[in-house]
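Okay, structure first, notes after.
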Amino acid sequence: MRTIIQRVKNAEVKVDGEIIGQINQGLLVLVGFEEQEEQDDFDWMIKKITQLRIFNDENDVMNKSVKDIDGEMLIVSQFTLHANCKKGNRPSYIRAAKPDVAIPYYEKFLKETEVALGKKVQKGEFGADMKVSLLNDGPVTIVLDSKIRDL
């Protein structure tokens with residue numbers, strides 16, 4: 001499982017011109033799944049995301065998590081996070097989970113993140129042509145991979 005986490009002032013996702021997910025201060029999380037994700041991958045990733053201390057405290061030091069600031073989360077599925085660009089100029093997505101596997105993973109990720117965060121998360125639409133807008137705060141952007149935990 002690979003994620004890109006962006007600290008945002010606000011973010012939204014549209015499908016066919018209609019807003020389907022929108023947040024104010026919090027995290028925009030792009031998530032891509034591989035065919036073989038284990039419960040440990042979900043547990044590690046969700047704990048890491050919800051506890052990352054990347055929001056400023058009263059001393060302007062990144063010392064608070066999204067939970068600490070009562071922030072929001074928008075989670076968007078993005079299989080292209082598993083692009084392999086090693087050969088040629090056309091990325092291969094062979095490592096990305098196919099929809100029959102990735103959709104249940106995405107739903108599981110959403111539900112378990114809501115439990116960890118203690119509130120509803122906003123989401124994109126799996127497989128749709130989405131337009132994602134955000135105001136990156138900082139900017140702060142972090143890449144996590146549950147298979148390569150020392151990034």
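The values are calculated or read from the model by the stated rules, or taken from the named source; none is laboratory data. Only a predicted model underlies this, so the values are computations on that prediction, with no experimental measurement involved. Virtual Cβ from ideal backbone geometry, glycine too; neighbours counted across all protein chains shown. Protein only, heavy atoms only, side chains kept; ligands, DNA and RNA dropped before computing areas. Shrake-Rupley method; radii C 1.70, N 1.55, O 1.52, S 1.80 Å.
Give me the percent of DSSP beta bridges within region 7-86 that run antiparallel, rounded to the nearest 5. Antiparallel: roughly 60 percent of the beta bridges in region 7-86. Solvent-accessible area per residue in the chain equals 57 Å², computed with a 1.4 angstrom probe and all protein chains kept. Shown here for region 3-93: GluC sites (Glu not before Pro) in loop regions (DSSP other than H, G, I, E, B) with at most 14 other Cβ atoms within 10 Å, namely GLU35, GLU38, GLU58. Couplings for region 53-68, taken from phi via the Karplus curve 6.51 cos²θ - 1.76 cosθ + 1.60 with θ = phi - 60°, read 8, 10, 10, 6, 8, 5, 9, 6, 10, 5, 9, 10, 8, 4, 5, 4 Hz in order; Gly and Pro are left as x. Accessible surface comparison of THR50, THR141, probe 1.4 Å, protein chains only, largest first: the order is THR141, THR50.
For the chain, a Kirkwood hydrodynamic radius built from all Cα pairs, placed in the Stokes-Einstein relation at 10 °C and 1.306 mPa s, yields a translational diffusion coefficient of 100 µm²/s.
Dipole check for the chain: with +1 at the C-beta of Lys and Arg, -1 at the C-beta of Asp and Glu, and the Cα centre as origin, the magnitude is about 420 Debye.
Computed over region 1-50, the quotient of the alpha carbon radius of gyration and 2.2 N^0.38 Å is 1.35. The simple Förster model, with R0 at 41 Å and r as the Cβ-Cβ distance, assigns GLU107 and MET62 a FRET efficiency of 0.85. In the structure shown, the pairs LYS64/LYS119; LYS47/LYS119; LYS14/LYS47; LYS119/LYS147; LYS9/LYS147 are assessed against 25 Å; a Cα-Cα span above that value is assigned to LYS14/LYS47; LYS119/LYS147; LYS9/LYS147. Between the residues SER92, MET1, GLN36, the greatest Cα displacement towards the positive end of the dipole of region 1-113, with unit charges on the Cβ of Lys, Arg, Asp and Glu, is found for SER92. Taken along the Cα-to-beta-carbon direction at a fixed 7 Å, the label points for ARG95 and SER133 span 3.3 nm. When the solvent-accessible area of the chain is split by element, carbon and sulfur atoms take up 48 percent of it, the probe being 1.4 Å.
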